[in-house]
Every structure is written in structure tokens, then in C-alpha cells.
Amino acid sequence: MKDSILNYDFELPPELIAQRPVAGRDASRLLLVERGSGALADARFTDLPGLLRAGDLLVVNNTRVLAARFLGRKLNSDIRAEVLLHSPGADDTWQALVRPSRRFQPGDKFVAGARDEILISVDERTGDGSRWVSLRDPATWEEAMRLAGHVPLPPYIDRPADERDSTEYQTLFADPRGAVAAPTAGLHFSRRVLDEIAALGVNRAELTLHVGIGTFQPMREDDPDKHPMHSESFYLPAAVRRAVDETRAAGGRVVAVGTTSTRALESLSEEEWDSPDDHTGDTRLFIRPPYDFKRVDALLTNFHLPRSTLLMLVSAFAGREKMLAAYRHAVADAYRFYSYGDAMLIMNGIVGAGGGG
């Protein structure tokens, strides 16, 4: 039977879409899903250290979200507009979503900032409906973002970004800049939880996948085979790959924090994985049932959009029926959904075996 995105649909009351994180990074709830049986248990994120054991490896995505959204107007007009950078190009250009795009001809200028100190040239269209843009003032994009950039919150957060989002929409381990959306499973980690995990003898490894705007791209085709998967750049050090191999060889579990970490770990061929060199590249990997996971034993993730590639990924990991049952439970029990919502841990041996069940 051919797969369809309709097989990954669920009903979600709008009031369950989190507009803010709970107070305190680790105060969210944690739904435990037994990977094999689909058994469920309700827990708190602060229970996570007790669900791990010495020798496990936590793999996190350390990308930092750019202040990539500019709100302003078309130069010499009163046309309100916005520019959202999403993919870097050559010679310091970016691909960007420009709204309203139809009001800008190639070469028209966009201004932003309290004193119109940001001047951006809106140039040619790209194949996907974006525009190439280039910075005319100030000298660097970094300075422009510092002066007038906003965190690009997801479209389902129905409010403008504010100062709180500049810290709450970043993980504690965020470092290299480049993402336009947060690796949200990592947002739950507080310093206390990270210290407790380290004290248990659980190791942590960091990779980088710069989350792109395509993570929110809806699947418009009923047939998943026809969905054009977005590309995201990633960096996977050889030391992380060795840590994964050593962990599994010693009987430990590789716990991927988020779908972005999962995609990075699963994107390399065996030859690339065994290379002694650090790996930098792009991935369009579309993980969906059926899929044989090669390097991930457990997955910590947030709750995802219906009919989305990310819901298909977690369904590939745990099974579609088990995942939809978990989502129905989460809805019935008023879990908070999406980027600022609660979390889910999918792993064997955590429900009905001394771990939260």
C-alpha cells in the first residue's frame, strides 16, 4: 500500500500550541514512549537523567539561531515589508523571503532600523519563490542583525518576537551561527540537568546542523515521493563519529537530541562515516517509513506538525500507529505542542521497566 501524507494527520486544538516556553527550561513535561511496544508514561523533563545510564551518549545540535528577520519598508515609500534571510549564497548574498515580494523589482531597496540604518538591495528571484538580497549598509550582516534583526519565530507562534525570545529560543550549548529556526528539543536542557547527566557518566557530543526555513515547509503533495526535501548544511566532526561507534560497541545508547541531530548522524554513507576527516556538507535526507536507523538508538524530540516530514521521521523511528497513539494521548492530556512545547523520549527500556512507568 502506497504511503500518503494523510496517514500522518492528527487533530490538535489551537490552544495546545505553545506561544511561550514554560518558566524554567527544564520545567516542561516529558512523554515516555517505549520504542518496541509503544507503551506510554507521563514524566517531567527533570526525570531525564534517571532514564539514562553511564556510557550513554547524548548527541546535541549546537547551532545558534540568527536574528535573521528584518521589519521595515520599501525605500522611498510607505509600503511595509519584511526580509527573512534563510540561505547564504556567494559574495555575502543571501536567499530571503521578502514580503510583499511582488512590490519589489530587482534592484529596489528595503530599509529597516530605528533610523533606517539598514539598507538591503532586493534582487533577482530564485526558483523557489525567494529573492536574492545583498547588504548595502552597514558593512556586515552581523552588524545589521545586531542593530535591527529579530529572531524568526515559527509561523504558528502568533505574536512578534521580543527580547525574551533572543535567549529562550536558543539552547544553552548554541555556538556557531547559521540557523533560522532552533533545534527545539535542545531548548529543554538547563544547566542543572546537563550537570546531573554528566555526573552520571553520560557523555555529550556536539554536531552542527543549521536548521533552515524548510523545516516549516508544508508537504503539498499527497505522495511523499514527490516532496522536494529542503537542504540544510551540517558539520559532523570525526571525533563525534568515533564516540558514536565506541558507545555502541561498549553497549551504550546513542541518544539523538532532536530530529536535526538524527538527520545529521544518519546522512553519511559508510565511507564518509569511516573517514578520519571532519565532515562538512549538505543534507536532503528524508527519513520516513520504512527506514533502518544505523546510528541512533533513542530519540528526544518535541511534538511536530501534522502531515510533516518531521512527524514522518519519528514515525519511522517508533512506528506510525504507535506515534499517532502517543500524539492522541498528548492531546488528551493537554501536552504543549511545537517549538516552545513539551518533549517526548522514544527509547527501549523506559516504560514498565523501572523508568518512569
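Some notes on this structure:
- Residues that are more than 14 Å from the chain's Cα centre (by Cα) and polar (S, T, N, Q) within segment 173-194 comprise just one, S190.
The rows are residues; the columns are (1) without any contact (Cβ under 8 Å) to a residue 40 or more places away in the chain; (2) under 19 Å from the mean Cα position of the chain (by Cα); (3) closer than 13 Å to V59 by Cβ.
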| position | (1), (2), (3) |
| --- | --- |
| E232 | no, yes, no |
| D245 | yes, no, yes |
| T259 | no, yes, yes |
| T301 | no, yes, yes |
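- Odd one out for E221, checked against (1) modelled with pLDDT under 90; (2) under 27 Å from H279 (Cα atoms): (2)
- Taken over segment 151-195, the criterion of being surrounded by 19 or more Cβ atoms within 10 Å (Cβ to Cβ), more than 17 Å from R25 (Cβ to Cβ) and in contact with a strand residue (DSSP E or B) (Cβ under 6 Å, 6 or more places away or on another chain) is satisfied by P152, A179, V180.
- Being in contact with a strand residue (DSSP E or B) (Cβ under 6 Å, 6 or more places away or on another chain) and more than 23 Å from E232 (Cβ to Cβ) is a property that does not hold for H279.
- From the options R69, R53, R35, R44, residue that is farther than 29 Å from G178 by Cβ and surrounded by 20 or more Cβ atoms within 10 Å (Cβ to Cβ): R35
- Filter result (assigned to a loop (DSSP other than H, G, I, E, B) and more than 30 Å from V98 (Cβ to Cβ)) within segment 28-74: S28, R35, G36, S37, G38, A39, L52, R53, A54, G55, D56
- Taking segment 329-340 as the range and being farther than 18 Å from L40 by Cα and either outside any loop (DSSP other than H, G, I, E, B) or small (G, A, S) (or both) as the test, only S339 passes.
The values are calculated or read from the model by the stated rules, or taken from the named source; none is laboratory data. It should be emphasised that the depicted structure is a prediction, and the values quoted were computed from it without experimental measurement. Glycine also receives a Cβ, built like all others from the backbone with ideal geometry; neighbour counts cover every protein chain displayed.
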